[in-house]
Amino acid sequence: MASSTTSNSEGYEPKHIENRLFINGEFVPSISGKKFDIINPNTEKFAASVYEGGAEDVDVAVEAAKEALPAWSALGAAERGAWLNKLADAIEKNIDEIGYLDAISMGRPYIGDAMAAYAGYFLRYFASKALDVHGESSLNTAGMVNVTFRQPYGVCGAIIPWNMPLLVLICKVGPALAGGNTLVLKTSEKAPLSCLVVARLCKEIGLPKGVLNILSGFGRPCGEAIAKHMDIRKLSFTGSVTTGRAIKKAAADSNLKNVTLELGGKSPLVIFDDADLAKAVPAAAFSILSNSGQACIASSRVYVHANVADTFLEAMKTTMAKIGQPGDATAAGTSRGPQADKMQFDQVMSYMSYAKEQGLDIRLGGNRIGSTGYFIEPTIIANAPEESKVVKEEIFGPVVVINTFTDEADVLKRANDTEYGLYASVFTKDISRAMRFAKALEAGSVGVNCTSPTVAIDMPFGGYKQSGEGRELSKHCLDEWTEVKSVYISL
């Protein structure tokens, strides 16, 4: 792995912040000439102005992707993988710039070589999977040899969120390109800057023009145009349930394009009275404070057995207060930054107001920190009614609800009583109980004696229920970016 140029981004500032669209291997202004501003959530001051992609820009990008498709899909799998490995090298060498731009656009703390390691590791994994796209054969029909091919969809679309721009971009770009597709990708209007660095790196390494096109823009009109485009055969989206539902409808109303959705969560964490609290407490605290709670897999609902509830609550208060103090995301040593923007800040604070109005038991936090920047205190709400908004709805902030239980069947029912099903966790030393819960919890991923953000790149990731459909990561990820053809050969 190439090392990053410095160990942190404090004091780092790029000489130039790219703000144009990346189409057909070149940076271009949007056709409309419209721009939108990025406000630094650490300071509430102007950070950058970025060209806004529109429907007409999507059309141009799709044409570029169509032109690039025949040559790209005809490349050998190893050659496509080699391009992804080159991009991984380039990202690692420019990780300071990427980290700084995320810090000033959406407040994600710069995490230096760790981010470089994950980014490079993920992209290289997808590069290796290019060689694993295989068909099957059958001799079961007399006089026939029947085989299947897995082939690229063609021109594909991707729409990514603001909370983890680089890693989610890689999780779309890697398997899409490895599978032989070309891609039109829209970044979030909250955090487009770091993705434009990736675009620049594609140009620098000489990635064939039109293979990857990156547009900055809003859900409407840019994202909607991608979802409705008749020449886009496949779309992968990560974001909210509301937007995911709109995307699926747009796909159905246009050309019935295949859609993969990774949506929201309200992840339960169940802690039994035999659990190792020395492991459970820091795991639970880190899960809800990581990225200031702006993670779809955050363990935002904790159910702790009544026998250890008081001990757990006191330990959580101490731990969250200690590790949850935020700071400027560009500063060395900052582990938690602000909420991404004023909209996210206001959304979280509206839940704090609701909790106070309802007389809920706020054991820690519940307030803004300071008067500048979108910083919110680490917050614990105890014993909230199960039908309460803070239990049912995704807050997307550093807010955890801790309720108690005494009965295994009851807590399982409460854990599953949600429209979401992205991640769930259980802490217990009883292996039989752990496996019962792993089977019964209605979630695409289950942690046993660990919790989110624990995932493994070689394990499929995705949601049950309204948390989405399809899977990312693992060997299954290329299944989402290729389609199956049956070929019948008469002897």
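Residues in the stretch 132-146 that are surrounded by 11 or more Cβ atoms within 10 Å (Cβ to Cβ) and of a type in the set (A, V, I, L, M, F, W, C) were compared, and the one that is nearest to the chain's Cα centre (by Cα) is VAL133. Restricting GLY99, GLY81, GLY120, GLY143 to residues that are on the phi > 0 side of the Ramachandran plot and either free of Cβ contacts under 8 Å to residues at least 12 places away in the same chain or not hydroxyl-bearing (Ser, Thr, Tyr) (or both) narrows the list to GLY143. Of the candidates SER254, SER236, the single residue that is touching a residue at least 60 places away in the same chain (Cβ under 8 Å) and assigned by TED's automatic domain parsing to the domain that holds CYS171 is SER236. Within the stretch 247-267, the set of residues being of a type in the set (D, E, K, R) and surrounded by fewer than 22 Cβ atoms within 10 Å (Cβ to Cβ) comprises LYS248, LYS249, ASP253. Among the conditions (1) surrounded by fewer than 22 Cβ atoms within 10 Å (Cβ to Cβ); (2) free of Cβ contacts under 8 Å to residues at least 40 places away in the same chain, the only one that GLN347 does not satisfy is (2).
If I filter the stretch 164-175 down to residues being part of a helix (DSSP H, G or I) and of a type in the set (A, V, I, L, M), which single residue comes out as farthest from the chain's Cα centre (by Cα)? Steps first, please.
Step one: filter the stretch 164-175 for residues part of a helix (DSSP H, G or I), giving 165-175.
Next, from what is left, pick out any that are of a type in the set (A, V, I, L, M): 166-170, 173.
On the way: LEU166: 9, LEU167: 7, VAL168: 5, LEU169: 8, ILE170: 10, VAL173: 13 Å.
Looking at residues that are part of a helix (DSSP H, G or I) and of a type in the set (A, V, I, L, M), I get VAL173.
The residues on offer are LEU235, LEU256, and the sole one that is over 30 Å from VAL411 (Cα atoms) and either part of a helix (DSSP H, G or I) or touching a helix residue (DSSP H, G or I) at 6+ places or on another chain (Cβ under 9 Å) (or both) is LEU235. Exactly one residue among SER3, SER30, SER49 is at pLDDT 95 or above and part of a loop (DSSP other than H, G, I, E, B), and that residue is SER30.
Name the residues in the stretch 147-163 that are assigned to a loop (DSSP other than H, G, I, E, B) and crowded, with 24+ Cβ neighbours inside 10 Å, would you?
Here is the first cut: in the stretch 147-163, the residues assigned to a loop (DSSP other than H, G, I, E, B) are 153-154, 160-163.
Residues satisfying the conditions are ILE160, ASN163.
Of the residues that sit in the stretch 53-69 and are within 14 Å of ALA227 (Cα to Cα) and aliphatic (A, V, I, L, M), which one is surrounded by the most Cβ atoms within 10 Å (Cβ to Cβ)? My answer is ALA61. The residue that is surrounded by the most Cβ atoms within 10 Å (Cβ to Cβ), counting only those in the stretch 422-443 that are assigned to a loop (DSSP other than H, G, I, E, B) and not small (Gly, Ala, Ser), is LEU422.
Taking (1) in contact with a helix residue (DSSP H, G or I) (Cβ under 6 Å, 6 or more places away or on another chain); (2) not in a strand (DSSP E or B) in turn, THR454 satisfies each apart from (1). Just one of the listed residues (LYS190, LYS209) is out of contact with any helix residue (DSSP H, G or I) (no Cβ under 6 Å at 6 or more places or on another chain) and either in the same structural domain as ARG80 (by TED's automatic domain parsing) or touching a residue at least 60 places away in the same chain (Cβ under 8 Å) (or both), namely LYS209.
From LEU289, LEU277, which residue is out of contact with any strand residue (DSSP E or B) (no Cβ under 7 Å at 6 or more places or on another chain), outside the structural domain of GLY25 (by TED's automatic domain parsing) and buried (at least 20 other Cβ atoms within 10 Å of the Cβ)? Give the derivation first.
Working: LEU277 fails: buried (at least 20 other Cβ atoms within 10 Å of the Cβ).
Criteria check complete, one pass: LEU289.
Yes or no, residue by residue, for (1) within 22 Å of LEU441 (Cβ to Cβ); (2) among the β-branched types (Val, Ile, Thr):
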{"position": "ASP328", "(1), (2)": "no, no"}
{"position": "GLY337", "(1), (2)": "no, no"}
{"position": "THR372", "(1), (2)": "no, yes"}
{"position": "ILE376", "(1), (2)": "no, yes"}
{"position": "LYS392", "(1), (2)": "yes, no"}
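The values are calculated or read from the model by the stated rules, or taken from the named source; none is laboratory data. Quantities reported herein were computed from a predicted structural model and do not represent experimental measurements. Cβ: placed from backbone, ideal geometry, glycine included. Neighbour counts: every protein chain shown.
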